[in-house]
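The values are calculated or read from the model by the stated rules, or taken from the named source; none is laboratory data. On a predicted model such as this, the values are computed, not experimentally measured, just so you know. Neighbour counts run over all protein chains shown; Cβ positions are idealised from the backbone, glycine included.
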Amino acid sequence: MTVAYRPSGTRSFRCRQILTAATALGSVAACFNLNPAHKAHAQFRPQQIQINPGRTSSPDEPATFQADKVDYDDNEHTVTWSGNVQMWQGDHVMRADKVVYDRDTGVVAARGHVASIQPDGSVIYAHYAELTGAMRDGIMMHVNVVLPENGKLAANGMRRTGGKVNDMSRAVYTACAICEKDRSRAPFWQFRAFNATQDIEHETIDFRDSYLDILGIPVLYLPYFSITDPSAKRHSGFLMPGITPHDRYLGTYFTIPYYWVIDDQSDLTVQGLFSTRTNPQLSAKYRNRFNFGYLNLQGGIAYSSLRSDSYTNDFGNHVDGGNGHGMQGYIFANTQVSISKYWRAGANINLATSADYMRNYRIQGYGADTLSSNVYLEGFGTGSYSRVDGQYYQGLNQGVISNSDLPFVLPRYTYSFVGQPDALGGRFSLNTTDFNVIRSNGTSDMRGQMALNWDRPFRNRLGQQFLLTLHLDSMVYRARKLYQQPNYYTTTRSNTSGQVLPTIALKTNWPFVRTFEHGRGSQLIEPIVQAIYAPNTGAGANNFMPNEDSLAYEFTDSTLFSLNRYQGTDRLDGGLRGNVGVHANWTWDGHEVDLLAGESFQEHITHDRLPYSGLDHTASDIVMRGRVSPNQYFNFTARMRLDPYTTKVNFGDALFSAGVRHFRIRGGYVYEPVTPYYYYVSNYRSNAPVPLYSQKTNELSGGVSSDWDNWHVSAFARRSLSRKEFVSLGGDLGYNNDCFGIDVMYLKQYTTIGGQQRNSSVLFTVSLKTLGSFGLK
C-alpha cells in the first residue's frame with residue numbers, strides 16, 4: 001500500500017459539478033431544463049429546517065432548492081418541488097424528480113431517481129428517501145451506492161445516522177463492471193450479506209452473514225467480513241496474510257502484516273513471520289515523506305534456531321558454516337534531504353548480522369554478491385556536479401567473497417564540469433574521482449586523479465566531419481600491501497607513484513547519404529578513421545600503481561573509438577594507435593538495417609590485460625555489429641569479435657524478438673572463451689588462473705509469451721551449453737479482468753549460493769479489486 005496525500009482546503013460547490021456528471025450515469029433524469037420561464041427558486045434560512053446541533057453543517061448555512069415547479073400548501077405546512085429538483089446544504093447535494101418538505105417536522109421526502117452526492121465523492125441512488133438534520137439522518141429504499149475505484153453497493157433499504165453510519169439490509173458489494181446488456185446478470189464476483197454497515201468516519205464496511213459469489217455461485221461463507229471503504233486513500237488495519245506450505249529452511253510458514261497510518265505523511269507496516277522449523281521473526285517498515293526529503297526504514301529481528309553446514313566451494317576450499325544461529329537481525333535504511341537549491345544529502349544503509357540469516361528468513365536482497373551502504377553529500381550547478389561519499393560492503397556469498405577482502409571507501413570525492421562552447425568553437429570538461437580505500441586483507445591505497453578534456457568539432461566542404469580531442473590524465477597514488485589482492489605485485493613496501501598522460505586524437509567521419517523510393521528511404525555509408533597518440537606507459541604495471549577501477553578491459557563495437565577502453569582510469573591505453581571502421585544504415589518505410597565493422601591498429605602491445613582482450617597483436621580482433629528491424633514483427637541484434645590470425649570468435653552475443661499480435665518469442669545467446677569473473681580470484685601474475693576462469697561462457701536463453709482477451713501465459717529458459725546444465729527456467733499463467741486477477745508463476749534457479757542450491761518455487765496469487773491480494777508460495 002503506497003502513501004497517498006489528500007489536498008488541504010475547504011470543499012466548495014464542486015459537489016454540484018459532480019452531481020451534474022452523475023446524471024450521465026443513466027440512473028438519474030437527463031439534463032435540467034434551463035428555460036427561465038419554467039424555473040422557480042426558493043431559498044430560506046436553515047432554522048426552518050430541524051438541523052441537529054453538533055453536526056458538521058453550520059446552523060446558519062442556507063438550504064437551497066432549485067426546481068421546475070414549486071407548490072406551497074399552507075394547510076399541510078408543506079412545500080413541494082417537482083421537475084428536476086436540486087437541493088444542497090453544506091457539503092451534501094441531492095437530486096430527485098419530486099421533493100416534499102414538511103416545515104413542521106423538518107423532514108425532506110424525495111421520490112423518483114433520487115441521487116445524493118456525499119462529501120467523500122460517492123453517489124447514492126434510491127427510489128425513495130426521507131431525510132432530516134441537514135440530510136444527515138433518514139432512510140432510503142432500493143439503494144445503489146457508487147464508490148471510488150469502481151466499487152458498488154446495493155441494498156433493499158438503508159438507514160442513515162448522523163451522516164456517519166449507513167446501515168443496510170440485504171446488501172451486495174462488488175468492484176466489477178455490471179453487464180450493460182443484462183443488468184440482472186451477476187458480476188464476476190460479489191459479496192452478499194444479510195446486512196452491512198458503512199462507517200464513513202472510520203472508513204470501513206462491515207458485512208455480516210455474507211457469501212462470496214463467483215459468477216453468481218456461492219464459493220465461500222463468512223459470518224463476518226470487513227473491508228476498507230474504497231474512498232479511503234490510506235487506512236490502518238491488517239493486510240492480506242501470506243502462507244508458504246513448504247520451504248527448505250522455514251518449513252511451513254505464514255506472515256501476518258499490519259498497516260498503521262500514523263499521520264498524513266508517515267506510516268508503519270509491522271509483520272510477524274511464524275514457521276514450523278525455527279523461531280518467529282518480527283519485522284517492520286517505516287516510511288515518512290516530508291517537505292524537504294524522505295525517510296524509509298526497514299528491519300527485522302529473530303532468534304534463529306537454524307545452523308548452517310560447512311561445505312567445499314567451487315575452488316576446492318573448505319568453508320565453515322555461517323553464523324546465522326542465535327539472535328539475528330537486519331536493517332535497511334535510505335534517506336535523502338534537500339539542504340538548499342543546489343545541495344542535498346542522503347544515506348543508504350544495508351546491514352545484516354549474517355548472510356545465512358538473510359537466506360534462512362528470505363530477506364529481500366539475498367542472492368546478490370554484496371550488501372552495499374553509503375552516505376553522501378552532492379551538489380548540482382550549471383554544467384557541474386560534485387559528490388563526496390563513504391562506502392561499505394558486506395559479502396553475501398562467503399564461499400566466494402570474504403568480508404575481509406571487501407573495502408571501506410572513506411571517503412570518495414567526484415567532481416564533473418562541462419563548459420559552454422568557447423571562442424575557438426571547442427568545449428572544455430573536467431573530471432576527478434579521488435578516494436581512500438581500506439582493506440584488512442588486500443591493498444589499501446589513496447588516489448588523487450584529474451582528467452582535462454577539450455573537444456573541437458568541425459567539418460569541410462566535402463561533408464567530412466572532424467573531432468579534435470586534447471586530453472590529459474593525471475593521478476597520484478599512495479599504496480601499501482601491493483603484494484595482496486587485487487594487484488599481486490612482488491614488492492612488499494609501501495609505494496608512492498603516479499603518472500601524467502597527455503593524449504591527442506583526431507576522428508574523421510565521412511558520411512555518404514542518398515535517398516530512394518521518392519524520398520521515403522535513405523541509405524548511409526560512413527567510413528570512420530581515428531588516430532590517437534599518447535605516451536606508452538605499459539598500463540601502469542611498471543610503476544607499481546594500484547588498480548581499483550580498471551580490472552576489466554572491454555574491446556567491442558561500443559568502445560572501438562574510445563580513448564580508453566578500461567572501465568576506469570587506474571589503467572590507461574597509451575601508445576600510437578589507429579582505429580578504422582565502416583558504418584552502414586538503410587532505412588525505408590519503417591524498416592531498418594544498421595551495420596558496423598572495425599579494427600584497431602597499435603604500435604605497442606600491452607600484455608597487462610586479460611587474455612582474449614582482442615588487442616594481443618598489432619592488428620586487433622575485428623569487431624562487428626548488426627541490427628535488423630524489417631518491421632514491427634521482428635528485430636535482431638548481434639555483435640561479435642573475430643581474431644583475424646586464428647579466425648576464432650573471441651566474443652559474441654545476439655538478441656532477437658519475433659511475433660504477431662497476442663504472441664511473441666524472444667531469444668538470446670552469449671559466448672566468451674573464458675569466465676572473466678574468476679580471473680582475479682588468485683595471484684594471476686605468478687600462478688595460472690583458476691580452472692573456473694578457463695571455462696567457456698556459452699549460454700542460450702529464450703522465452704515465449706502470449707495474451708488473448710484477459711489471459712496471459714509465458715515461459716522462459718536459460719541454459720549453459722558449456723556446463724551442460726540449466727541456469728534457470730520458469731513460466732507464468734494468469735487471468736485478469738476489471739476486478740479480478742489470478743496468477744500462477746513457477747521458477748527454478750540452478751545457481752548455488754552458500755553451498756546450497758535453491759529448489760523450485762511456485763507462487764499462486766489471487767487479487768480482488770479494492771479488497772487486496774492473497775498469495776500462496
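Condition check for SER767 on (1) at pLDDT 90 or above; (2) under 30 Å from LEU692 (Cβ atoms): one failure, at (2). For segment 100-134, the candidate set comprises residues that are of a type in the set (S, T, N, Q) and either touching a strand residue (DSSP E or B) at 6+ places or on another chain (Cβ under 7 Å) or part of a strand (DSSP E or B) (or both); within that set, the residue that is modelled with the highest pLDDT is SER116.
Does any residue of segment 392-411 turn out to be part of a strand (DSSP E or B), farther than 30 Å from GLY321 by Cα and touching an Asp or Glu at 6+ places or on another chain (Cβ under 8 Å)? Yes, segment 392-411 has at least one match. Annotation for segment 743-756: at least one member residue is at pLDDT 90 or above, of a type in the set (Lys, Arg) and under 30 Å from SER354 (Cα atoms). Scanning segment 695-710 for residues that are more than 19 Å from TYR669 (Cβ to Cβ), out of contact with any strand residue (DSSP E or B) (no Cβ under 7 Å at 6 or more places or on another chain) and surrounded by 14 or more Cβ atoms within 10 Å (Cβ to Cβ) returns a single hit, ASP707. For segment 316-338, the condition holds for at least one residue, the condition being that it is hydrophobic (A, V, I, L, M, F, W, C), over 21 Å from SER373 (Cα atoms) and surrounded by fewer than 13 Cβ atoms within 10 Å (Cβ to Cβ). Among the residues of segment 484-504, which ones are crowded, with 16+ Cβ neighbours inside 10 Å and over 41 Å from the mean Cα position of the chain (by Cα)? Once the filter is applied, which keeps residues that are crowded, with 16+ Cβ neighbours inside 10 Å and over 41 Å from the mean Cα position of the chain (by Cα), segment 484-504 yields TYR489, ASN495, SER497, GLN499, LEU501, THR503.
Looking across segment 94-128, the residues that are within 41 Å of the chain's Cα centre (by Cα) and among the hydroxyl-bearing types (Ser, Thr, Tyr) come down to SER116, SER122, TYR125.
For every residue, the table says whether it meets (1) within 26 Å of PRO676 (Cα to Cα); (2) crowded, with 16+ Cβ neighbours inside 10 Å; (3) within 40 Å of the chain's Cα centre (by Cα).
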{"residue": "ALA451", "(1), (2), (3)": "no, yes, yes"}
{"residue": "PHE516", "(1), (2), (3)": "no, no, no"}
{"residue": "LEU524", "(1), (2), (3)": "no, no, yes"}
{"residue": "ALA534", "(1), (2), (3)": "no, yes, no"}
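Scan segment 212-234 and give yes if some residue there is in a strand (DSSP E or B) and among the basic types (Lys, Arg), otherwise no. No, segment 212-234 contains no residue that is in a strand (DSSP E or B) and among the basic types (Lys, Arg).
Checking the structure you have, find out if any residue of segment 86-95 is assigned by TED's automatic domain parsing to the domain that holds ASP199, of a type in the set (D, E, K, R), farther than 24 Å from ALA154 by Cα and surrounded by 17 or more Cβ atoms within 10 Å (Cβ to Cβ). No, the conditions are met nowhere in segment 86-95.
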